[in-house]
1. Report, by residue number, each residue of region 81-106 that is surrounded by 17 or more Cβ atoms within 10 Å (Cβ to Cβ) and closer than 22 Å to Val62 by Cβ.
2. Looking for whichever is without any contact (Cβ under 8 Å) to a residue 40 or more places away in the chain and among the hydroxyl-bearing types (Ser, Thr, Tyr) here; the options are Thr78, Thr98, Thr73. Which one fits?
3. Name the residues in region 158-205 that are acidic (Asp, Glu) and under 13 Å from the mean Cα position of the chain (by Cα), would you?
4. Of the residues in region 108-148, how many are surrounded by 13 or more Cβ atoms within 10 Å (Cβ to Cβ) and touching a helix residue (DSSP H, G or I) at 6+ places or on another chain (Cβ under 8 Å)?
5. Spot the failing condition for Leu69; the list is (1) among the hydrophobic types (A, V, I, L, M, F, W, C); (2) in a loop (DSSP other than H, G, I, E, B); (3) over 14 Å from Val170 (Cβ atoms), and only one is missed.
6. In this structure, does Thr164 turn out to be exposed (fewer than 14 other Cβ atoms within 10 Å of the Cβ), at pLDDT below 95 and of a type in the set (Val, Ile, Thr)?
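The values are calculated or read from the model by the stated rules, or taken from the named source; none is laboratory data. Note that the structure is a prediction, hence the values are computed from the model and not measured. Methodologically, a virtual Cβ is constructed for each residue, glycine included, from the backbone with ideal geometry; neighbour enumeration extends over all protein chains shown.
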Amino acid sequence: MKQFVLAALAVQLAAFSFGGTIIAENSDFEVFSTGPGGSNLGDFGVGDTGGGSPNLGRRAVVQFSLTGLSGSTVQSATLNLFLIESRLDQFPDPGTITSSAPFINPGLGDTVVLHVADYGTPDLADYNAASIGNDPGILIAAAVQPSGASMSINIAAALQQAITAGFSFVTFRIQTATETDNDGLNDIWFFASADNATASHRPFLSYEVTTSNGGATTPEPSTFLLAAGAAAALLTRRYLGKQR
């Protein structure tokens, strides 16, 4: 019986590693320099505006639930986005529109990802909400024309900060370094949003973490079965030994 207790304790004290993906919340949204842009229709824009409401900054905010990750230590994590289209100097002028690689760069400097606080109801404050630290940084560098639609950026430090702080979500804002070039024309990236019809295009986090059984995450049942099997084998050998 002593061996069984020791085996059970070993399982309880062990560190468990696991990974997974988290799809963005459907509450992701774009916000203009004048206020929120309303519900997404499969995408969100990052850049500036043309047409009837020209030279507005346009940014996107996206968040991911941290359910099940309480107490975890992040080993690696990435934010994954899918680029649908880009526009340069477009509307009312024809400009340039690309919906496949290489995507034209809108020309508003680096496109960056900031780590921001969780939002409640989207409002104008989300446009300039301050970074809370551990910003992932540059997603697309100035003048780079992406050679593919899928892109990712390291968010391990931001994810660890959010977990340690006990946040319910980890939240990011995507924006261009230059708010607008004031030419009255669209200069913009369009990324797939959480309500995009193609599930594989929706924003998601991929992660690898470790956690102990003392945390909120419960180890896989198979782990306990293996330990129980080993303990049972020990007891069987002791029993048979006594019969000789």
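1. Leu81, Phe82, Leu83, Ile84, Glu85, Ser86, Arg87, Phe103, Asn105, Pro106
2. None of the others qualify; the one that does is Thr98.
3. Here is the first cut: in region 158-205, the ones acidic (Asp, Glu) are 179, 181, 183, 187, 195.
Result: no residue meets the conditions.
4. Summing the residues that are surrounded by 13 or more Cβ atoms within 10 Å (Cβ to Cβ) and touching a helix residue (DSSP H, G or I) at 6+ places or on another chain (Cβ under 8 Å) in region 108-148 gives 7.
5. (3)
6. On the way: exposed (fewer than 14 other Cβ atoms within 10 Å of the Cβ): yes; at pLDDT below 95: no; of a type in the set (Val, Ile, Thr): yes.
Here the answer is no, as Thr164 does not meet what is asked.
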